[in-house]
Amino acid sequence: MFTRNKSTQQQHKMKRIITSIVVFTSLAVYAGGNSRITKAEYVDRWSPVAVEQMIEHGIPASITLAQGILESANGNSLLATKGNNHFGIKCHGWDGKKMYKDDDRANECFRVYESADASFQDHSAFLKKYKRYAFLFDYASDDYKSWAKGLKKAGYATNPKYPQLLIDIIEDLKLYEYDGAGVPSTVEAPLIVVAQQSGSNAHQVMMHERGVKYITAKKGDTFYKIAQEYDLTLSQLYRFNDFASEKDFLEVGDVVYIQAKKRARLFKKEEVTVSEDITLHELSQLYAVNMESIKRLNDFTEDNKVIAKGEKVTLR
């Protein structure tokens, strides 16, 4: 569907593979809102934002991600879920919405944001605003160890183990790999290949070349059935595939990712040129890239946007 120097046969094959996927509305009640985000999912979701903040402000993306993971419990904390506050930033003269919870002292005031993106942006602004953090920007944007120690020295946290906690997260998840940026590159449409996996599963597990596992829907499949088969919650499958709750069925041959799609590839900016009209969701499924990430990078506002032939789209 999206190719550079690909044959017409490959284009048609790709088009058959990628179709719009929808799910049973009646099953949405089972998804609930209680599924917890893992560290890996947090990184997939927010690494592009952290990289953007690094490029704009010089704060290591690894540090931003590690602080977000630590301060928000991978985005699962009350501050994160109710206040979109991923960094535990307190009010400090804040004129916006506020929420109160016990921290170092009882009933402390914390900032509330309209979106999690705004929390990441304010985290950078917060570090740039106060003089006590100024010395941090003398460190290189890939010197995460100095940044981790400097944040504690500047008083960001009271826990004496704070620097090592950040460093451990960065090294365990290899977040230091995000502390770099490269030049734009144009990518070809990815091939979808079979994973080296077999067994008694009802579905053949496939592997996208980006390293994301998926299956194709069979007759009678529902998201509830697939969730049970792969020990996932419905809300995880909705999130992995960017599905809206109002969608109500699966078609035979539909692609269903059973892992989180990627937010971005490291270092290189990726661009593709549309060779045929395609929906935003189809493009997201084709490249195994999170749909919100594509929207943010291209200033798209509608989930049901149709991208026209010849239009260039940035994937990171």
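Sub-6 Å Cβ pairs linking a first residue in the range 120-131 that is farther than 9 Å from HIS57 by Cβ to a second residue that is among the polar types (S, T, N, Q) and surrounded by 20 or more Cβ atoms within 10 Å (Cβ to Cβ), at least 6 apart or interchain, are PHE120/GLN53, ordered by first then second residue. The number of residues in the range 259-289 being in a loop (DSSP other than H, G, I, E, B) and at pLDDT 90 or above comes to 1. Of all positions in the range 33-50, none carries a residue that is in contact with a Phe, Trp or Tyr (Cβ under 9 Å, 6 or more places away or on another chain), part of a loop (DSSP other than H, G, I, E, B) and closer than 22 Å to TYR162 by Cβ. For the range 290-303, a tally of residues being part of a loop (DSSP other than H, G, I, E, B), touching a residue at least 40 places away in the same chain (Cβ under 8 Å) and not acidic (Asp, Glu) returns 1. Can you pull out every residue in the range 280-313 that is surrounded by 15 or more Cβ atoms within 10 Å (Cβ to Cβ), over 19 Å from VAL212 (Cβ atoms) and β-branched (Val, Ile, Thr)? Passing the criteria: only ILE307.
Give the residues of the range 271-289 that are out of contact with any strand residue (DSSP E or B) (no Cβ under 7 Å at 6 or more places or on another chain) and within 23 Å of TRP46 (Cβ to Cβ), sorted by residue number.
Taking the range 271-289 as the starting set, the residues that turn out to be out of contact with any strand residue (DSSP E or B) (no Cβ under 7 Å at 6 or more places or on another chain) are 275-276, 281-282, 284, 286-287.
The answer is HIS281, SER284, LEU286, TYR287.
Reported count of residues in the range 93-110, each being surrounded by 11 or more Cβ atoms within 10 Å (Cβ to Cβ) and without any contact (Cβ under 8 Å) to a residue 12 or more places away in the chain, is 1.
Based on this model, can you work out whether VAL255 counts as modelled with pLDDT of 85 or more, closer than 17 Å to HIS208 by Cα and surrounded by 22 or more Cβ atoms within 10 Å (Cβ to Cβ)?
Details: modelled with pLDDT of 85 or more: yes; closer than 17 Å to HIS208 by Cα: yes; surrounded by 22 or more Cβ atoms within 10 Å (Cβ to Cβ): no.
Judged against the criteria, VAL255 is not a match.
Set side by side, the residues ARG132, ARG105 differ, and just one is in a loop (DSSP other than H, G, I, E, B) and either assigned by TED's automatic domain parsing to the domain that holds GLY155 or not charged (D, E, K, R) (or both), which is ARG105. Of the set (1) hydroxyl-bearing (Ser, Thr, Tyr); (2) over 19 Å from the mean Cα position of the chain (by Cα); (3) at pLDDT 90 or above, all apply to THR19 but (3).
For the range 154-170, residues that are modelled with pLDDT under 95 and surrounded by fewer than 16 Cβ atoms within 10 Å (Cβ to Cβ) total 4. For the range 117-136, a residue qualifies if it is over 13 Å from GLN53 (Cα atoms) and under 28 Å from the mean Cα position of the chain (by Cα), and the qualifying residues are LYS129, TYR133, LEU136. A single entry from ALA195, ALA189, ALA140 fulfils the requirement of being at pLDDT below 95 and touching a strand residue (DSSP E or B) at 6+ places or on another chain (Cβ under 6 Å): ALA195. Is it the case that ASN241 is modelled with pLDDT under 90 and surrounded by 20 or more Cβ atoms within 10 Å (Cβ to Cβ)? Judged against the criteria, ASN241 is a match. Scanning the range 56-84 for residues that are under 21 Å from VAL289 (Cα atoms) and either in a loop (DSSP other than H, G, I, E, B) or more than 16 Å from the chain's Cα centre (by Cα) (or both) yields ASN74, GLY75. Selection within the range 93-110: residues that are in contact with a strand residue (DSSP E or B) (Cβ under 8 Å, 6 or more places away or on another chain) and under 15 Å from TYR156 (Cα atoms). The member of this set that is modelled with the lowest pLDDT is ASP103.
The values are calculated or read from the model by the stated rules, or taken from the named source; none is laboratory data. Treat the numbers as computed from the prediction; the structure is a model and nothing was measured. When we count neighbours, we look across all protein chains shown, and the Cβ atoms used for this are built from the backbone with ideal geometry, even at glycine.
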